[in-house]
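> Next up is a structure, given as C-alpha coordinates.
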Amino acid sequence: CNSTLIFGIETSCDDTGCAIINEEGNIIAESLKSQNLVHLRNGGIIPDVAQDLHRKYIEPTVTETLLKANLLMKDISAIAVTVKPGLPLSLAVGMKYAKHLARVNAKPIIPIHHMEAHALTVRMEHNVNFPYLVLLISGGHCLLAVVQNINKFLLLGKSIDMAPGELFDKIARRMKLRNVPELSTMCGGQAVETAALRATNPEMFNLPIPLVQVKDCNFSFNGLKTSVLYHLRKKEKEHKVVADALIPEISNLCCAALIATTKHLVHRTQRAMQFCSINNLIPENNKRLVVSGGVACNNYIFNALKAASVDYGYNVYRPSMKLCTDNGIMIAWNGLEKWRKNLDIMTNFNTLDLEATSQLGE
Ligand code: KG4
Ligand code: ZN
(Lines give C-alpha, C1' and ligand atoms only; values in the text may rest on other atoms or scores of the structure.)
(Ligands and ions follow the chains in the order given, each with its own letter.)
Protein backbone atom coordinates (compact mmCIF):
# COMPACT_ATOMS: atom_id res chain seq x y z
CA CYS A 1 0.00 0.00 0.00
CA ASN A 2 1.68 3.20 -1.21
CA SER A 3 -0.71 5.86 0.01
CA THR A 4 0.45 8.28 2.69
CA LEU A 5 -0.49 7.52 6.29
CA ILE A 6 0.90 9.66 9.12
CA PHE A 7 0.93 8.44 12.71
CA GLY A 8 0.85 11.26 15.30
CA ILE A 9 1.94 11.00 18.94
CA GLU A 10 1.32 13.69 21.59
CA THR A 11 2.54 13.45 25.21
CA SER A 12 3.61 17.03 26.00
CA CYS A 13 1.40 17.57 29.04
CA ASP A 14 -1.28 15.32 30.55
CA ASP A 15 -2.88 13.69 27.52
CA THR A 16 -1.53 10.62 25.75
CA GLY A 17 -2.87 11.11 22.24
CA CYS A 18 -2.39 9.12 19.02
CA ALA A 19 -3.95 9.35 15.58
CA ILE A 20 -3.56 8.18 12.01
CA ILE A 21 -4.51 10.44 9.12
CA ASN A 22 -4.33 9.76 5.40
CA GLU A 23 -3.02 11.85 2.57
CA GLU A 24 -6.25 13.81 2.19
CA GLY A 25 -6.08 14.70 5.89
CA ASN A 26 -8.95 12.41 6.89
CA ILE A 27 -8.82 10.85 10.34
CA ILE A 28 -8.44 7.07 9.99
CA ALA A 29 -8.25 6.39 13.75
CA GLU A 30 -7.58 8.21 17.00
CA SER A 31 -7.12 7.44 20.69
CA LEU A 32 -6.84 9.83 23.59
CA LYS A 33 -6.07 8.89 27.16
CA SER A 34 -6.60 11.85 29.48
CA GLN A 35 -4.99 12.06 32.92
CA ASN A 36 -7.30 14.90 33.94
CA LEU A 37 -9.08 13.10 36.78
CA VAL A 38 -5.84 11.98 38.44
CA HIS A 39 -4.43 15.51 38.31
CA LEU A 40 -7.70 16.99 39.58
CA ARG A 41 -7.42 14.69 42.60
CA ASN A 42 -3.79 15.73 43.18
CA GLY A 43 -4.66 19.43 42.94
CA GLY A 44 -2.50 19.94 39.85
CA ILE A 45 -0.09 18.18 37.54
CA ILE A 46 2.85 16.52 39.28
CA PRO A 47 5.43 15.92 36.52
CA ASP A 48 6.56 12.52 37.85
CA VAL A 49 2.97 11.32 38.05
CA ALA A 50 2.26 12.57 34.51
CA GLN A 51 5.35 10.75 33.23
CA ASP A 52 4.36 7.48 34.94
CA LEU A 53 0.89 7.67 33.41
CA HIS A 54 2.29 8.40 29.93
CA ARG A 55 4.59 5.37 30.32
CA LYS A 56 1.60 3.26 31.27
CA TYR A 57 -0.62 4.52 28.45
CA ILE A 58 1.71 5.05 25.50
CA GLU A 59 1.89 1.47 24.22
CA PRO A 60 -1.85 0.66 24.67
CA THR A 61 -2.78 3.96 23.01
CA VAL A 62 -0.55 3.29 19.99
CA THR A 63 -1.83 -0.28 19.72
CA GLU A 64 -5.46 0.75 20.09
CA THR A 65 -5.07 3.34 17.31
CA LEU A 66 -3.56 0.78 14.93
CA LEU A 67 -6.28 -1.74 15.82
CA LYS A 68 -9.06 0.79 15.20
CA ALA A 69 -7.56 1.52 11.78
CA ASN A 70 -6.95 -2.17 11.11
CA LEU A 71 -3.37 -1.29 10.21
CA LEU A 72 0.13 -2.32 11.21
CA MET A 73 3.03 0.04 11.88
CA LYS A 74 4.62 -1.20 8.62
CA ASP A 75 1.74 0.43 6.69
CA ILE A 76 2.56 3.87 8.13
CA SER A 77 4.60 6.38 6.08
CA ALA A 78 6.05 8.43 8.96
CA ILE A 79 5.70 9.03 12.69
CA ALA A 80 5.07 12.62 13.80
CA VAL A 81 5.82 13.29 17.46
CA THR A 82 5.67 16.35 19.72
CA VAL A 83 9.21 17.29 20.77
CA LYS A 84 8.47 20.64 22.52
CA PRO A 85 7.34 22.73 24.31
CA GLY A 86 5.87 20.94 27.33
CA LEU A 87 6.81 19.05 30.46
CA PRO A 88 10.25 17.55 29.72
CA LEU A 89 9.44 14.26 31.50
CA SER A 90 6.18 13.88 29.59
CA LEU A 91 7.69 14.82 26.23
CA ALA A 92 10.47 12.28 26.74
CA VAL A 93 8.00 9.37 26.90
CA GLY A 94 6.48 10.15 23.49
CA MET A 95 9.83 10.86 21.87
CA LYS A 96 11.42 7.70 23.21
CA TYR A 97 8.52 5.54 22.10
CA ALA A 98 8.41 7.19 18.67
CA LYS A 99 12.11 6.53 18.20
CA HIS A 100 11.63 2.92 19.24
CA LEU A 101 8.76 2.45 16.76
CA ALA A 102 10.70 4.19 14.02
CA ARG A 103 13.78 2.07 14.56
CA VAL A 104 11.95 -1.26 14.73
CA ASN A 105 9.82 -0.50 11.68
CA ALA A 106 12.36 1.56 9.70
CA LYS A 107 10.15 4.63 9.50
CA PRO A 108 11.08 8.32 9.36
CA ILE A 109 10.27 10.64 12.24
CA ILE A 110 8.82 14.13 11.84
CA PRO A 111 9.49 16.27 14.95
CA ILE A 112 6.57 18.56 15.80
CA HIS A 113 6.39 21.80 17.78
CA HIS A 114 3.23 21.61 19.93
CA MET A 115 2.26 25.29 19.45
CA GLU A 116 2.78 25.14 15.69
CA ALA A 117 0.46 22.12 15.64
CA HIS A 118 -2.19 24.08 17.59
CA ALA A 119 -1.81 26.94 15.08
CA LEU A 120 -2.12 24.74 11.97
CA THR A 121 -4.91 22.26 12.89
CA VAL A 122 -7.62 24.64 11.72
CA ARG A 123 -6.51 23.92 8.13
CA MET A 124 -7.77 20.36 8.53
CA GLU A 125 -11.35 21.60 8.72
CA HIS A 126 -11.35 25.05 7.13
CA ASN A 127 -9.85 26.47 4.00
CA VAL A 128 -7.56 28.95 5.76
CA ASN A 129 -4.59 29.87 3.58
CA PHE A 130 -1.40 31.62 4.71
CA PRO A 131 -0.90 34.16 6.11
CA TYR A 132 -3.33 34.40 9.02
CA LEU A 133 -3.37 35.71 12.57
CA VAL A 134 -3.53 33.16 15.38
CA LEU A 135 -4.38 33.50 19.06
CA LEU A 136 -3.27 30.42 21.01
CA ILE A 137 -4.78 30.18 24.47
CA SER A 138 -4.28 27.09 26.63
CA GLY A 139 -3.26 25.88 30.06
CA GLY A 140 0.41 26.40 29.36
CA HIS A 141 0.50 29.11 26.69
CA CYS A 142 -0.88 32.39 25.52
CA LEU A 143 0.44 33.93 22.32
CA LEU A 144 -0.41 35.94 19.24
CA ALA A 145 1.40 35.18 15.98
CA VAL A 146 1.15 35.51 12.24
CA VAL A 147 1.24 32.09 10.58
CA GLN A 148 3.16 32.85 7.39
CA ASN A 149 3.73 29.28 6.32
CA ILE A 150 3.89 25.71 7.66
CA ASN A 151 7.24 26.46 9.28
CA LYS A 152 7.26 30.25 9.32
CA PHE A 153 5.69 32.11 12.22
CA LEU A 154 6.00 35.68 13.39
CA LEU A 155 5.52 35.98 17.14
CA LEU A 156 3.69 39.23 18.00
CA GLY A 157 3.22 38.76 21.74
CA LYS A 158 2.96 36.27 24.56
CA SER A 159 2.17 36.05 28.24
CA ILE A 160 4.75 37.53 30.56
CA ASP A 161 3.55 35.29 33.41
CA MET A 162 0.83 32.65 33.33
CA ALA A 163 -1.59 31.36 30.69
CA PRO A 164 -5.38 31.96 30.83
CA GLY A 165 -6.15 28.25 31.25
CA GLU A 166 -3.75 28.17 34.17
CA LEU A 167 -5.60 31.14 35.70
CA PHE A 168 -8.93 29.29 35.40
CA ASP A 169 -7.41 26.06 36.75
CA LYS A 170 -5.98 27.91 39.77
CA ILE A 171 -9.21 29.79 40.51
CA ALA A 172 -11.24 26.58 40.22
CA ARG A 173 -8.89 24.74 42.56
CA ARG A 174 -8.92 27.52 45.15
CA MET A 175 -12.74 27.65 45.01
CA LYS A 176 -12.88 23.84 45.28
CA LEU A 177 -15.23 23.74 42.31
CA ARG A 178 -14.52 20.06 41.83
CA ASN A 179 -16.47 19.36 45.05
CA VAL A 180 -19.58 20.68 43.31
CA PRO A 181 -21.08 17.47 41.88
CA GLU A 182 -22.02 18.86 38.46
CA LEU A 183 -18.53 20.36 38.02
CA SER A 184 -16.54 17.49 39.53
CA THR A 185 -15.17 15.99 36.31
CA MET A 186 -14.55 19.26 34.48
CA CYS A 187 -11.20 20.93 33.91
CA GLY A 188 -10.80 24.33 35.59
CA GLY A 189 -11.76 26.34 32.52
CA GLN A 190 -14.98 24.43 31.94
CA ALA A 191 -15.89 24.61 35.63
CA VAL A 192 -15.36 28.40 35.72
CA GLU A 193 -17.37 28.78 32.50
CA THR A 194 -20.25 26.67 33.83
CA ALA A 195 -20.26 28.47 37.19
CA ALA A 196 -20.21 31.84 35.38
CA LEU A 197 -23.41 30.95 33.51
CA ARG A 198 -25.20 31.04 36.90
CA ALA A 199 -24.03 34.57 37.71
CA THR A 200 -26.65 37.04 38.85
CA ASN A 201 -24.45 40.07 39.42
CA PRO A 202 -20.84 39.89 38.20
CA GLU A 203 -20.50 43.67 38.74
CA MET A 204 -20.31 43.00 42.47
CA PHE A 205 -16.60 42.39 41.81
CA ASN A 206 -14.36 44.94 40.22
CA LEU A 207 -11.44 43.22 38.53
CA PRO A 208 -8.73 45.24 36.75
CA ILE A 209 -8.09 44.61 33.04
CA PRO A 210 -4.36 43.82 32.67
CA LEU A 211 -1.89 45.91 30.63
CA VAL A 212 -4.47 48.41 29.31
CA GLN A 213 -1.81 51.13 29.05
CA VAL A 214 0.91 48.92 27.61
CA LYS A 215 1.32 49.34 23.87
CA ASP A 216 2.40 45.87 22.81
CA CYS A 217 0.72 42.51 22.23
CA ASN A 218 1.85 40.75 25.39
CA PHE A 219 -0.46 39.28 28.03
CA SER A 220 -0.47 39.03 31.81
CA PHE A 221 -2.81 37.13 34.12
CA ASN A 222 -1.00 37.27 37.45
CA GLY A 223 -2.75 40.47 38.56
CA LEU A 224 -6.15 38.96 37.80
CA LYS A 225 -5.32 35.91 39.86
CA THR A 226 -4.31 38.10 42.80
CA SER A 227 -7.54 40.13 42.55
CA VAL A 228 -9.77 37.06 42.36
CA LEU A 229 -8.06 35.50 45.38
CA TYR A 230 -8.33 38.80 47.28
CA HIS A 231 -12.10 38.98 46.71
CA LEU A 232 -12.50 35.32 47.57
CA ARG A 233 -10.66 35.75 50.88
CA LYS A 234 -12.73 38.82 51.68
CA LYS A 235 -16.00 36.97 51.07
CA GLU A 236 -14.74 34.05 53.15
CA LYS A 237 -14.03 36.43 56.04
CA GLU A 238 -17.54 37.83 55.74
CA HIS A 239 -18.70 34.20 55.82
CA LYS A 240 -20.37 34.78 52.50
CA VAL A 241 -18.60 31.85 50.86
CA VAL A 242 -18.99 28.19 51.67
CA ALA A 243 -16.44 26.02 49.91
CA ASP A 244 -17.88 23.34 47.61
CA ALA A 245 -21.20 25.04 46.91
CA LEU A 246 -22.17 26.97 43.84
CA ILE A 247 -23.51 29.97 45.69
CA PRO A 248 -24.14 33.31 43.90
CA GLU A 249 -20.90 34.89 45.17
CA ILE A 250 -18.85 32.13 43.58
CA SER A 251 -20.75 32.26 40.29
CA ASN A 252 -20.45 36.04 40.19
CA LEU A 253 -16.71 35.93 40.89
CA CYS A 254 -16.18 33.28 38.19
CA CYS A 255 -18.15 35.42 35.78
CA ALA A 256 -16.17 38.56 36.66
CA ALA A 257 -12.92 36.64 36.08
CA LEU A 258 -14.15 35.32 32.75
CA ILE A 259 -15.23 38.79 31.61
CA ALA A 260 -11.94 40.42 32.63
CA THR A 261 -9.92 37.66 30.93
CA THR A 262 -12.01 38.05 27.78
CA LYS A 263 -11.58 41.84 27.70
CA HIS A 264 -7.82 41.39 28.01
CA LEU A 265 -7.68 38.80 25.22
CA VAL A 266 -9.85 40.98 22.96
CA HIS A 267 -7.81 44.11 23.66
CA ARG A 268 -4.48 42.46 22.85
CA THR A 269 -5.88 40.75 19.74
CA GLN A 270 -7.17 44.08 18.43
CA ARG A 271 -3.72 45.57 18.97
CA ALA A 272 -2.26 42.70 16.92
CA MET A 273 -4.77 43.41 14.15
CA GLN A 274 -3.68 47.07 14.08
CA PHE A 275 -0.03 46.00 13.99
CA CYS A 276 -0.73 43.62 11.08
CA SER A 277 -2.49 46.39 9.14
CA ILE A 278 0.29 48.94 9.65
CA ASN A 279 2.95 46.42 8.65
CA ASN A 280 0.99 44.77 5.83
CA LEU A 281 1.31 41.33 7.40
CA ILE A 282 -2.19 40.13 6.52
CA PRO A 283 -3.81 40.86 3.14
CA GLU A 284 -6.47 43.57 3.50
CA ASN A 285 -9.01 41.63 1.44
CA ASN A 286 -8.58 38.33 3.28
CA LYS A 287 -8.19 38.92 7.00
CA ARG A 288 -8.57 35.86 9.21
CA LEU A 289 -8.11 35.20 12.92
CA VAL A 290 -7.76 31.63 14.16
CA VAL A 291 -8.33 30.91 17.85
CA SER A 292 -7.06 27.59 19.20
CA GLY A 293 -5.80 25.82 22.34
CA GLY A 294 -7.96 24.48 25.17
CA VAL A 295 -9.30 27.89 26.23
CA ALA A 296 -10.66 28.41 22.69
CA CYS A 297 -13.38 25.90 23.71
CA ASN A 298 -14.86 28.68 25.81
CA ASN A 299 -17.89 30.00 23.93
CA TYR A 300 -18.04 33.29 25.79
CA ILE A 301 -14.42 34.07 24.90
CA PHE A 302 -14.77 32.88 21.31
CA ASN A 303 -17.99 34.83 20.66
CA ALA A 304 -16.51 38.00 22.16
CA LEU A 305 -13.44 37.68 19.93
CA LYS A 306 -15.70 37.15 16.95
CA ALA A 307 -17.80 40.20 17.71
CA ALA A 308 -14.72 42.36 18.36
CA SER A 309 -13.10 41.29 15.08
CA VAL A 310 -15.95 42.53 12.90
CA ASP A 311 -14.84 46.16 13.23
CA TYR A 312 -11.40 45.15 11.97
CA GLY A 313 -12.79 43.22 8.99
CA TYR A 314 -11.61 39.83 10.25
CA ASN A 315 -13.34 36.47 9.86
CA VAL A 316 -12.79 34.29 12.91
CA TYR A 317 -12.27 30.51 12.96
CA ARG A 318 -11.63 27.84 15.54
CA PRO A 319 -11.06 24.12 15.16
CA SER A 320 -13.81 21.84 16.48
CA MET A 321 -13.62 21.39 20.28
CA LYS A 322 -11.75 18.08 20.31
CA LEU A 323 -9.08 19.60 18.07
CA CYS A 324 -8.70 22.73 20.24
CA THR A 325 -7.50 20.77 23.27
CA ASP A 326 -4.41 18.55 23.16
CA ASN A 327 -4.73 15.51 20.90
CA GLY A 328 -2.77 13.25 18.55
CA ILE A 329 -4.68 14.36 15.44
CA MET A 330 -3.13 17.84 15.35
CA ILE A 331 0.33 16.27 15.56
CA ALA A 332 -0.44 13.89 12.69
CA TRP A 333 -1.87 16.80 10.68
CA ASN A 334 1.24 18.93 11.18
CA GLY A 335 3.27 15.86 10.19
CA LEU A 336 1.22 15.53 7.01
CA GLU A 337 1.68 19.20 6.12
CA LYS A 338 5.44 18.77 6.52
CA TRP A 339 5.43 15.46 4.63
CA ARG A 340 3.72 17.08 1.65
CA LYS A 341 6.43 19.76 1.51
CA ASN A 342 9.27 17.36 2.37
CA LEU A 343 10.14 19.31 5.53
CA ASP A 344 11.87 17.95 8.65
CA ILE A 345 11.62 14.28 7.69
CA MET A 346 14.29 12.58 9.76
CA THR A 347 15.60 9.15 8.87
CA ASN A 348 18.78 9.28 10.93
CA PHE A 349 17.74 9.88 14.50
CA ASN A 350 19.68 7.16 16.27
CA THR A 351 22.39 9.44 17.51
CA LEU A 352 20.56 12.74 17.12
CA ASP A 353 18.18 14.17 19.63
CA LEU A 354 14.88 15.18 18.10
CA GLU A 355 14.87 18.94 17.64
CA ALA A 356 12.40 21.54 16.47
CA THR A 357 13.26 25.18 16.21
CA SER A 358 10.37 27.58 16.00
CA GLN A 359 9.77 31.31 16.09
CA LEU A 360 7.09 30.39 18.64
CA GLY A 361 9.86 29.73 21.12
CA GLU A 362 11.17 27.42 23.83
O1 KG4 B 1 -4.60 22.97 24.94
P2 KG4 B 1 -4.87 22.24 26.22
O3 KG4 B 1 -5.64 20.96 26.14
O4 KG4 B 1 -3.55 21.89 26.97
C5 KG4 B 1 -2.48 22.76 27.06
O6 KG4 B 1 -1.63 22.73 26.14
O7 KG4 B 1 -2.47 23.53 28.04
O8 KG4 B 1 -5.62 23.29 27.19
C9 KG4 B 1 -6.02 22.94 28.48
C10 KG4 B 1 -6.51 24.19 29.17
C11 KG4 B 1 -6.81 24.00 30.65
O12 KG4 B 1 -6.18 25.01 31.40
C13 KG4 B 1 -8.33 24.14 30.73
O14 KG4 B 1 -8.77 24.68 31.95
C15 KG4 B 1 -8.62 25.06 29.56
O16 KG4 B 1 -7.72 24.67 28.57
N17 KG4 B 1 -10.01 24.93 29.08
C18 KG4 B 1 -10.91 25.92 29.12
C19 KG4 B 1 -12.12 25.37 28.62
N20 KG4 B 1 -11.91 24.08 28.29
C21 KG4 B 1 -10.60 23.83 28.56
N22 KG4 B 1 -10.81 27.19 29.53
C23 KG4 B 1 -11.91 27.96 29.45
N24 KG4 B 1 -13.12 27.52 29.03
C25 KG4 B 1 -13.28 26.24 28.60
N26 KG4 B 1 -14.47 25.81 28.16
ZN1 ZN C 1 -1.79 22.39 24.02
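> Going by what's in this entry, would residue 253 be described as farther than 30 Å from residue 109 by Cα and within 15 Å of ligand 1 (Cβ to nearest atom)? Reasoning before the result, please.
Details: farther than 30 Å from residue 109 by Cα: yes; within 15 Å of ligand 1 (Cβ to nearest atom): no.
Taking the combined requirement at face value, the residue does not satisfy it.
> Could you look through the stretch 163-175, keep only residues that are part of a helix (DSSP H, G or I) and within 9 Å of ligand 1 (Cβ to nearest atom), and pick out the one that is farthest from residue 144 (Cα to Cα)? Quick ask: steps written out before the conclusion?
Filtering the stretch 163-175 down to residues part of a helix (DSSP H, G or I) leaves 164-174.
Still in the running and within 9 Å of ligand 1 (Cβ to nearest atom): 164-169, 172.
On the way: 164: 13, 165: 15, 166: 17, 167: 18, 168: 19, 169: 21, 172: 25 Å.
It comes out as 172.
> Within the stretch 106-161, how many residues are surrounded by fewer than 18 Cβ atoms within 10 Å (Cβ to Cβ) and polar (S, T, N, Q)?
4
Per-residue answers, yes or no, for (1) among the hydrophobic types (A, V, I, L, M, F, W, C); (2) surrounded by fewer than 18 Cβ atoms within 10 Å (Cβ to Cβ); (3) away from ligand 2 (no atom under 16 Å from the Cβ):
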position: 4; (1), (2), (3): no, yes, yes
position: 9; (1), (2), (3): yes, no, no
position: 13; (1), (2), (3): yes, no, no
position: 17; (1), (2), (3): no, no, no
position: 20; (1), (2), (3): yes, no, yes
position: 25; (1), (2), (3): no, yes, yes
position: 31; (1), (2), (3): no, no, yes
position: 40; (1), (2), (3): yes, no, yes
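> On to the next question. Output the number of residues of the stretch 181-219 satisfying the condition of being in contact with a Phe, Trp or Tyr (Cβ under 7 Å, 6 or more places away or on another chain), within 30 Å of residue 275 (Cα to Cα) and within 16 Å of ligand 1 (Cβ to nearest atom).
Qualifying residue count, the stretch 181-219: 1.
> Another one. Provide a single number: the residues in the stretch 81-110 that are outside any helix (DSSP H, G or I) and under 18 Å from the mean Cα position of the chain (by Cα). If you could, list the steps in order and put the result at the bottom.
To start, the set of residues in the stretch 81-110 that are outside any helix (DSSP H, G or I) comprises 81-87, 106-110.
Still in the list and also under 18 Å from the mean Cα position of the chain (by Cα): 81-87.
Matching residues across the stretch 81-110 total 7.
> Still on this structure, I have one more. Quick test for you: out of 316, 266, pick the one residue that is away from ligand 1 (no atom under 16 Å from the Cβ), of a type in the set (A, V, I, L, M) and either surrounded by 19 or more Cβ atoms within 10 Å (Cβ to Cβ) or farther than 23 Å from residue 94 by Cβ (or both).
Step by step, each of 316, 266 is checked, and only 316 is away from ligand 1 (no atom under 16 Å from the Cβ), of a type in the set (A, V, I, L, M) and either surrounded by 19 or more Cβ atoms within 10 Å (Cβ to Cβ) or farther than 23 Å from residue 94 by Cβ (or both).
> Only one residue in 289, 281 is under 18 Å from residue 154 (Cα atoms), in contact with a Ser or Thr (Cβ under 7 Å, 6 or more places away or on another chain) and not in a helix (DSSP H, G or I). Which one?
Numbers: 281 fails: in contact with a Ser or Thr (Cβ under 7 Å, 6 or more places away or on another chain).
It is 289.
> May I ask you to list the residues in the stretch 87-110 that are within 16 Å of ligand 2 (Cβ to nearest atom) and touching a strand residue (DSSP E or B) at 6+ places or on another chain (Cβ under 6 Å)?
If the condition is that a residue be within 16 Å of ligand 2 (Cβ to nearest atom) and touching a strand residue (DSSP E or B) at 6+ places or on another chain (Cβ under 6 Å), then 94 is the only one that fits.
> Tell me which residues, restricted to the stretch 96-147, are of a type in the set (S, T, N, Q) and within 16 Å of ligand 1 (Cβ to nearest atom).
Of everything in the stretch 96-147, those that are of a type in the set (S, T, N, Q) and within 16 Å of ligand 1 (Cβ to nearest atom) turn out to be 121, 138.
> Inside the stretch 46-86, can you point out the residues that are within 16 Å of ligand 2 (Cβ to nearest atom) and surrounded by 20 or more Cβ atoms within 10 Å (Cβ to Cβ)?
50, 54, 80, 81, 82, 83, 84, 86
> What single numbered condition from (1) buried (at least 17 other Cβ atoms within 10 Å of the Cβ); (2) part of a loop (DSSP other than H, G, I, E, B); (3) more than 10 Å from ligand 1 (Cβ to nearest atom) fails to hold for residue 178?
Evaluating residue 178 over (1) buried (at least 17 other Cβ atoms within 10 Å of the Cβ); (2) part of a loop (DSSP other than H, G, I, E, B); (3) more than 10 Å from ligand 1 (Cβ to nearest atom) leaves (2) as the failure.
> Inspect the stretch 187-195 for any residue being outside any helix (DSSP H, G or I), more than 16 Å from ligand 2 (Cβ to nearest atom) and not hydroxyl-bearing (Ser, Thr, Tyr) and give the result as yes or no.
Kept after step one, since they are outside any helix (DSSP H, G or I), are these residues of the stretch 187-195: 187.
Subsequent filtering for residues that are more than 16 Å from ligand 2 (Cβ to nearest atom) retains none.
No, that holds for no residue.
> Looking at (1) within 16 Å of ligand 2 (Cβ to nearest atom); (2) surrounded by 15 or more Cβ atoms within 10 Å (Cβ to Cβ); (3) not hydroxyl-bearing (Ser, Thr, Tyr), which is the only condition residue 322 fails?
(2)
> Among the listed residues 247, 259, 278, which satisfies the condition of being surrounded by fewer than 23 Cβ atoms within 10 Å (Cβ to Cβ), β-branched (Val, Ile, Thr), more than 16 Å from ligand 1 (Cβ to nearest atom) and at pLDDT 95 or above?
On the way: 247 fails: at pLDDT 95 or above; 259 fails: more than 16 Å from ligand 1 (Cβ to nearest atom).
Being surrounded by fewer than 23 Cβ atoms within 10 Å (Cβ to Cβ), β-branched (Val, Ile, Thr), more than 16 Å from ligand 1 (Cβ to nearest atom) and at pLDDT 95 or above holds for just one of 247, 259, 278, which is 278.
> Taking the conditions exactly as written (buried (at least 19 other Cβ atoms within 10 Å of the Cβ), within 12 Å of ligand 1 (Cβ to nearest atom) and modelled with pLDDT of 95 or more), does residue 301 satisfy them or not?
Working: buried (at least 19 other Cβ atoms within 10 Å of the Cβ): yes; within 12 Å of ligand 1 (Cβ to nearest atom): yes; modelled with pLDDT of 95 or more: yes.
So residue 301 passes the test.
> Conditions: (1) aliphatic (A, V, I, L, M); (2) more than 21 Å from residue 17 (Cα to Cα); (3) within 16 Å of ligand 2 (Cβ to nearest atom). Residue 329 meets all but one. Number of the miss?
Every condition holds for residue 329 apart from (2).
The values are calculated or read from the model by the stated rules, or taken from the named source; none is laboratory data. Please read all numbers here as calculations on a predicted model, not as lab measurements. Positions of Cβ are generated from backbone atoms using ideal geometry, with glycine treated the same way; all protein chains shown enter the neighbour counts.
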